[in-house]
Amino acid sequence: MQRRIGLTGGISTGKSTVADYLANRYGLPVFDADQAARQAVMVGSPVWERVRDRYGHEILLPDGEINRRKLGEIVFSDPAELRWLEGEIHPVVGDRLAQTLTTWTDQPRVILMIPLLFEANMTDLVSEIWVVTCDPAQQQQRLIERDRLTTAQAQARINQQMPLAAKIAAADQVLHNTGTLAELYGQIDQALGEWGVGSGE
């Protein structure tokens with residue numbers, strides 16, 4: 001049976017870093033739900049049209065792309081708008097995931113990086129759950145630096161997600177991204193060793 005790691009965690013905890021290491025070090029195929037979500041709102045797509053119709057042309061950049069910063073300011077300050085947006089995007093991501101899995105039937109191990117694995121009720125798609133976590137202060141600072149947000153804006157985004165403690169409680173593996181990259185990679189190596197995967201050397 002295919003083993004599917006559901007890679008998740010909180011925003012800015014380091015999920016992409018873990019996924020990149022799994023892909024580059026071990027050659028494991030990775031499905032990136034965030035990338036699929038970005039593709040779902042590409043210019044001219046049905047979701048892009050509905051976002052434009054809902055928020056007006058002021059939500060668009062000069063090239064027609066959605067102004068993700070402005071959209072974020074709207075949805076992360078209004079839970080109802082966030083639910084509407086997720087209701088538009090999640091089905092598209094789910095379809096893309098299903099299509100991808102049909103091309104991976106010969107892969108014994110795959111990584112499904114789904115930030116909202118719990119929130120979107122997609123845990124039944126994976127055989128085990130890995131949660132990437134870090135200290136709350138680290139998470140907030142990383143998000144501020146990555147997306148150039150204020151402290152309040154960063155915390156609003158964090159607050160919209162399921163608490164990390166609840167995700168950790170439901171995890172099969174917990175990766176603590178609180179130190180160096182070498183320390184994080186060591187945890188991944190150990191987890192894969194327990195999982196029966198060689199070092200790749």
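Quick notes
- Most to least packed among 72-80, 16-24 [average Cβ atoms within 10 Å]: 16-24, 72-80
- At R0 = 45 Å, FRET efficiency that the Cβ-Cβ distance of I168 and H57 yields, to 0.05: 0.60
- Relative to the longest principal axis of the Cα atoms of the chain, helix 79-102 runs at roughly 50 degrees.
- Built amide H within the under 5 Å cut-off of R109, gap 5+: R3
- The angle between the Cα long axis of helix 46-55 and the main principal axis of the chain comes to about 50°, on a 0 to 90 degree scale.
No lab work stands behind these numbers, since they all come straight from the coordinates. This one's a predicted model, so the numbers in the text were calculated from it and none came from an experiment. Here Cβ is always computed from backbone atoms with ideal geometry, including for glycine, and neighbour counts include all displayed protein chains.
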